[in-house]
1. Can you spot a residue in the range A:171-179 that is touching a residue at least 60 places away in the same chain (Cβ under 8 Å), among the small types (Gly, Ala, Ser) and open to solvent by less than 10 Å² (accessible area, probe 1.4 Å)?
2. Mind listing whichever residues of the range B:78-90 are charged (D, E, K, R) and either within 12 Å of chain A (Cβ to nearest Cβ) or surrounded by 14 or more Cβ atoms within 10 Å (Cβ to Cβ) (or both)?
3. Name the single residue that is farthest from the chain's Cα centre (by Cα) among those in the range B:39-57 being in a loop (DSSP other than H, G, I, E, B) and without any contact (Cβ under 8 Å) to a residue 12 or more places away in the chain.
4. Which one of these does A:Lys72 not meet: (1) within 22 Å of A:Ser168 (Cβ to Cβ); (2) open to solvent by less than 20 Å² (accessible area, probe 1.4 Å)?
5. Pull up the range B:108-125, narrow it to residues that are within 27 Å of A:Thr173 (Cα to Cα) and in a strand (DSSP E or B), then point me to the one that is most open to solvent (accessible area, probe 1.4 Å).
6. Check whether at least one residue in the range A:120-127 is crowded, with 18+ Cβ neighbours inside 10 Å and closer than 25 Å to A:Ala147 by Cα, and report yes or no.
7. Among the residues that make up the range A:72-82, is at least one of them assigned to a loop (DSSP other than H, G, I, E, B) and either modelled with pLDDT of 95 or more or more than 18 Å from the chain's Cα centre (by Cα) (or both)?
Amino acid sequence: MTKLKTMMQSTLVVVLMVMMSANVQAQAPELSDAEIASVAVVANKIDVNYAKIALKKSNNSVVREFANTMIKDHNKIIQLAVDLVTELHVTPKDNAVSQSLKKQAVKTEKMLNSKTGSDFDEAYVKNEVAYHGAVINAVKNVLIPQADNAQLKALLQTAAPILSTHLSHAKMTLKALQK
Amino acid sequence: MKRVKQLAIVSFVVLGGVLLAGCQNKPKQVDQVQSPEKVQRHIPQTDTVRIVRMKFVPDTVRVQLGDTLVFINNGIVMHNVVQYPDQKWKSPLLHSGDVWKYVPEKKGRYFCSIHKVMRGYIIIE
């Protein structure tokens, strides 16, 4: 549990520090809607990729079921985000936050790919708990408050309970694995 | 003779009246045992459960036998409605906007087997 908490805290710290470091006055950086859209799409794509690794490496039916749900749900959110930015004629803009998320994801994927069997299953699900926890905090405390466009804000507000349910589902799955 | 005739007519009228009154007062066996107005019959109702923001709303429904539950997916991701825990009955996959009707036969719990933390309960009154 301590290791999980450390993982979650370090992921959150990375995300929030990157968000804060862009502004010399040490306030949360102001992200434009184009940047927020980029962060939203990248964050969802990262979890889809983690789930694809799980489907490649795990033989556990509960883990595979969870991974399939992650792929379906996060791809749906990506689709809605892309449809929205297309409608609004906004091009998602890469930024320090989305770049940091991608950089961290490369490290995590390397870690997951190095594991096998039940070690992999536990590492994958623990990472899902940590990752969803960090993204929920970022969405609620930074992305939603900073979104200017009402439709973008509404989409993020719709995504929030999906992420919370994923977090609860990941915790339930982790408990089942650790029995 | 005239008096006898009058008496006969009066008697006939009285007798006829008594007979008529008797017929009207005769209890109707069928009504006493099974009056349609007195039997309380439940008219089947329809109740709606919305799937919204990753919850079944309301999460507990009270219905009577014969009632129909209408599940509507008002969310953006796919869900289903499945008896918990044995999956004795289940809905098809419900995309956003899909509707599914179910007539419960027993009380019990159900869940979304895609998002296993989503739970609901049916009470049969």
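1. Looking through the range A:171-179, none of the residues is touching a residue at least 60 places away in the same chain (Cβ under 8 Å), among the small types (Gly, Ala, Ser) and open to solvent by less than 10 Å² (accessible area, probe 1.4 Å).
2. As a first pass, look at the range B:78-90 and keep what is charged (D, E, K, R): B:86, B:88, B:90.
Within the range B:78-90, just B:Lys90 meets the criteria.
3. Out of the qualifying residues, it is B:Val39.
4. (2)
5. Ranking the candidates gives B:Arg109 first.
6. Within the range A:120-127 (the criterion being crowded, with 18+ Cβ neighbours inside 10 Å and closer than 25 Å to A:Ala147 by Cα), the answer is no, since none of the residues qualifies.
7. Within the range A:72-82 (the criterion being assigned to a loop (DSSP other than H, G, I, E, B) and either modelled with pLDDT of 95 or more or more than 18 Å from the chain's Cα centre (by Cα) (or both)), the answer is no, since none of the residues qualifies.
Residues checked against (1) assigned to a helix (DSSP H, G or I); (2) within 14 Å of another protein chain (Cβ to nearest Cβ); (3) out of contact with any Lys or Arg (no Cβ under 9 Å at 6 or more places or on another chain):
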site: A:Val97; (1), (2), (3): yes, no, yes
site: A:Lys103; (1), (2), (3): yes, no, yes
site: A:Leu112; (1), (2), (3): yes, no, no
site: A:Ser118; (1), (2), (3): yes, no, yes
site: A:Asn141; (1), (2), (3): yes, no, yes
site: A:Asp148; (1), (2), (3): no, no, yes
site: A:Pro161; (1), (2), (3): yes, yes, no
site: A:Lys171; (1), (2), (3): yes, yes, yes
site: A:Lys179; (1), (2), (3): no, no, yes
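The values are calculated or read from the model by the stated rules, or taken from the named source; none is laboratory data. What you are looking at is a predicted structure, and each value in this text was computed from that prediction instead of being measured. All Cβ positions, even for glycine, are placed from backbone atoms using ideal geometry, and neighbour counts span all protein chains on display. The protein model used for the area step is the full one, side chains on, heavy atoms only, and it has no ligands, DNA or RNA in it. Shrake-Rupley method; radii C 1.70, N 1.55, O 1.52, S 1.80 Å.
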